[in-house]
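Only one structure is covered here, and it is reproduced in the block below.
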Amino acid sequence: MSRIGRMPVSIPAGVEVKNEGNLVTVKGPKGELTRKFSPELGIEVADGNINVTRPSDDKRHRSLHGLTRTLIANMVEGVTNGYSKTLEIEGVGYRAAKSGNKVTLNLGYSHPVEIEETDSIKLEVPQPNKIIVSGIDKQAVGQFAAEIREKRPPEPYKGKGIRYAGERIIRKEGKAGKGKK
């Protein structure tokens, strides 16, 4: 039995969960998330818990068991607390500024790069070198943060670019000059 899959997901107060034919809808104080899961697995909502069961020990069912339980737990966590990722901008003249629902990035290109908030993703710029991406869907927050990071990934020689907070960039040594003969 999957160690993660067999653990029940507890439903906190203020969160409502509906399951109709493995279409799970989780509604909470921060919003509502809906996701369709494999019809092969059983999802039961009872006694303030969500339990995921699998029909057999088939390899496909084993792999879906833990995944489904974790995705449901992420949905419950998202509608109660939400998710956020912090990005740091490093480099001379590299900065971010927010105006309205747009964030303008100066990243050393000949033009500024503009990123617009979506309905589910909110952007904050507390400092010119910091961007906070937040939302209720863990996958969407991670994808949006990755797309921002892609605008100028950190380079290994000077470490300039956009990185996740706490990300360690492995630095390379520059070109070694040959001695004169």
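Selection of first residues in the range 120-142 that are in the same structural domain as T34 (by TED's automatic domain parsing) and of second residues that are among the polar types (S, T, N, Q), restricted to Cβ pairs under 8 Å at least 6 apart or on distinct chains, gives an empty result.
Every residue, every condition in (1) outside any loop (DSSP other than H, G, I, E, B); (2) touching a Leu at 6+ places or on another chain (Cβ under 7 Å); (3) closer than 18 Å to I148 by Cα, yes or no:
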| position | (1), (2), (3) |
| --- | --- |
| R35 | yes, yes, no |
| I43 | yes, no, no |
| A73 | yes, no, no |
| E77 | yes, no, no |
| K85 | yes, no, yes |
| E88 | yes, no, yes |
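Looking only at the range 114-139, which residues are out of contact with any helix residue (DSSP H, G or I) (no Cβ under 7 Å at 6 or more places or on another chain) and either hydroxyl-bearing (S, T, Y) or within 18 Å of Y164 (Cβ to Cβ) (or both)?
Within the range 114-139, T118, K122, L123, E124, V125, P126, Q127, P128, N129, K130, I132, Q139 meet the criteria.
The residues in the range 45-66 that are in contact (Cβ under 8 Å) with a residue 24 or more places away in the chain and assigned to a helix (DSSP H, G or I) can be counted, and the count is 4. Take the conditions within 30 Å of K30 (Cβ to Cβ) and hydroxyl-bearing (S, T, Y) and apply them to S110. Does it pass? Taking the combined requirement at face value, the residue does not satisfy it.
Please verify whether G5 is in a loop (DSSP other than H, G, I, E, B) and touching a helix residue (DSSP H, G or I) at 6+ places or on another chain (Cβ under 7 Å), treating the condition exactly as stated.
Numbers: in a loop (DSSP other than H, G, I, E, B): yes; touching a helix residue (DSSP H, G or I) at 6+ places or on another chain (Cβ under 7 Å): yes.
Taking the combined requirement at face value, the residue satisfies it.
If the condition is being within 16 Å of R69 (Cβ to Cβ) and in a strand (DSSP E or B), then the range 9-33 contributes V9, S10, V17, N19, V24, V26, L33.
Residues are listed down the side, and each one gets a yes or a no for (1) out of contact with any strand residue (DSSP E or B) (no Cβ under 8 Å at 6 or more places or on another chain); (2) assigned by TED's automatic domain parsing to the domain that holds D119; (3) buried (at least 17 other Cβ atoms within 10 Å of the Cβ):
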{"position": "R3", "(1), (2), (3)": "yes, no, no"}
{"position": "A13", "(1), (2), (3)": "yes, no, no"}
{"position": "N19", "(1), (2), (3)": "no, no, no"}
{"position": "S38", "(1), (2), (3)": "yes, no, no"}
{"position": "A46", "(1), (2), (3)": "yes, no, no"}
{"position": "V52", "(1), (2), (3)": "no, no, yes"}
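The values are calculated or read from the model by the stated rules, or taken from the named source; none is laboratory data. Being a predicted model, the structure only gives us computed values, none of them experimental. All Cβ positions, glycine included, derive from the backbone under ideal geometry; neighbour counts span all protein chains shown.
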